[in-house]
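The values are calculated or read from the model by the stated rules, or taken from the named source; none is laboratory data. A quick note: this is a predicted structure, and the numbers were derived from the prediction, not measured. A quick note on method: Cβ atoms are made from the backbone with ideal geometry, for glycine too, and the neighbour counts reach across all protein chains shown. Side chains included, ligands, DNA and RNA excluded: accessible areas come from the protein's heavy atoms. Shrake-Rupley method; radii C 1.70, N 1.55, O 1.52, S 1.80 Å.
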Amino acid sequence: MNKGLLIIVSGPSGVGKGTVLKELRAKNPNIVPSISATTREPRNEDTEGVTYFFKTESEFKKMIDRGEFMEWAIFSGNYYGTPREYVEKNLNEGRDVLLEIDVQGALKLMESGAEGAYIFIAPESLDVLRQRLRGRGTEAEDEIERRVKAAEWELKQKDKYDYVVVNRVVRDAADEIENIIKQSK
Ligand code: 5GP
């Protein structure tokens, strides 16, 4: 049996990653989303073991020490990491696994030599990103500027990825990713 494909997707906060990936998964129910561990507080939409495994900082650090993560990073003051076992089991059983991780984590994975399709979802421009962050109304203006600043650095890393998909229309971006996955097999 062929091994599954590891699909790594990153993109700045507000770019619409979640919506694009939801569309992709609706059309490709065979793609297995990896479940990360994190130290951030659960939000209303979160379910333990479904959206994340919620850990204390001390539990998370023990997992790091035991080598349980494929990659991990600190994002906005919290730890996030990809538990290795679940991902490898699914890949070995021939299923494609989707990692939605931040840019630092993706760069670490590349450096570790992990093979896969590395995809960066980019906004049309920083101005469009700023408008989207304002539009969703969940962040104060200073937090919006912080995220736009972070996005400037993230966008500078985009050429290290195998593919850059610009999210103009959700449907088109999801189709583009679907084609990338087909090509990568
Ligand atoms: P949120 O707190 O909004 O769920 O996620 C914040 C950021 O952490 C997003 O950019 C998300 O892609 C990233 N993230 C989620 N899980 C992981 C992970 O396992 N590793 C890394 N490096 N980033 C992650």
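For Glu124, which of the numbered conditions (1) assigned to a helix (DSSP H, G or I); (2) surrounded by fewer than 17 Cβ atoms within 10 Å (Cβ to Cβ) fails to hold?
If we test Glu124 against (1) assigned to a helix (DSSP H, G or I); (2) surrounded by fewer than 17 Cβ atoms within 10 Å (Cβ to Cβ), just (1) comes out false.
Give just the number: which of (1) aliphatic (A, V, I, L, M); (2) closer than 28 Å to Arg146 by Cα; (3) away from the ligand (no atom under 14 Å from the Cβ) does Ile31 not satisfy?
Single failed check for Ile31: (2).
Does segment 98-108 include one or more residues that are away from the ligand (no atom under 12 Å from the Cβ) and either in a helix (DSSP H, G or I) or basic (Lys, Arg) (or both)?
no
Looking at segment 1-58, what strands (runs of 3 or more DSSP E) fall wholly within it and have at least 2 residues that are at pLDDT 95 or above, of a type in the set (Gly, Ala, Ser) and surrounded by 13 or more Cβ atoms within 10 Å (Cβ to Cβ)?
Counting at least 2 such residues, we get 36-38.
Against the definition (assigned to a helix (DSSP H, G or I), open to solvent by less than 10 Å² (accessible area, probe 1.4 Å) and touching a Gly at 6+ places or on another chain (Cβ under 7 Å)), how does Leu133 come out, yes or no?
Details: assigned to a helix (DSSP H, G or I): yes; open to solvent by less than 10 Å² (accessible area, probe 1.4 Å): yes; touching a Gly at 6+ places or on another chain (Cβ under 7 Å): yes.
Against the criterion (assigned to a helix (DSSP H, G or I), open to solvent by less than 10 Å² (accessible area, probe 1.4 Å) and touching a Gly at 6+ places or on another chain (Cβ under 7 Å)), Leu133 qualifies.
Of all residues in segment 131-167, which are modelled with pLDDT under 90 and small (Gly, Ala, Ser)?
Of everything in segment 131-167, those that are modelled with pLDDT under 90 and small (Gly, Ala, Ser) turn out to be Gly137, Ala140.
Among the residues of segment 136-185, count how many are loosely packed, with under 11 Cβ neighbours inside 10 Å and touching a Leu at 6+ places or on another chain (Cβ under 8 Å).
Here the count works out to 1.
Answer yes or no: is there a residue in segment 65-78 that is in contact with a strand residue (DSSP E or B) (Cβ under 9 Å, 6 or more places away or on another chain), more than 12 Å from the ligand (Cβ to nearest atom) and either part of a helix (DSSP H, G or I) or closer than 20 Å to Ala114 by Cα (or both).
Scanning segment 65-78, I find no residue that is in contact with a strand residue (DSSP E or B) (Cβ under 9 Å, 6 or more places away or on another chain), more than 12 Å from the ligand (Cβ to nearest atom) and either part of a helix (DSSP H, G or I) or closer than 20 Å to Ala114 by Cα (or both), so the answer is no.
Do any residues in segment 22-34 that are without any contact (Cβ under 8 Å) to a residue 40 or more places away in the chain have Cβ atoms under 9 Å from those of residues that are in a helix (DSSP H, G or I), where the two are at least six apart or on different chains, and which pairs are they?
From segment 22-34, the pairs are Lys22/Val170; Lys22/Ala174; Ala26/Ala174.
Among the residues of segment 79-88, which ones are within 16 Å of Phe53 (Cβ to Cβ) and either away from the ligand (no atom under 11 Å from the Cβ) or open to solvent by 80 Å² or more (accessible area, probe 1.4 Å) (or both)?
So in segment 79-88, the residues within 16 Å of Phe53 (Cβ to Cβ) come out as 79-87.
Arg84, Glu85, Tyr86, listed by residue number.
So for segment 89-102 (the condition being among the polar types (S, T, N, Q) and open to solvent by less than 40 Å² (accessible area, probe 1.4 Å)), does at least one residue qualify?
As a first pass, look at segment 89-102 and keep what is among the polar types (S, T, N, Q): 90, 92.
From what is left, the residues that are open to solvent by less than 40 Å² (accessible area, probe 1.4 Å) are 90.
Yes, the conditions are met somewhere in segment 89-102.
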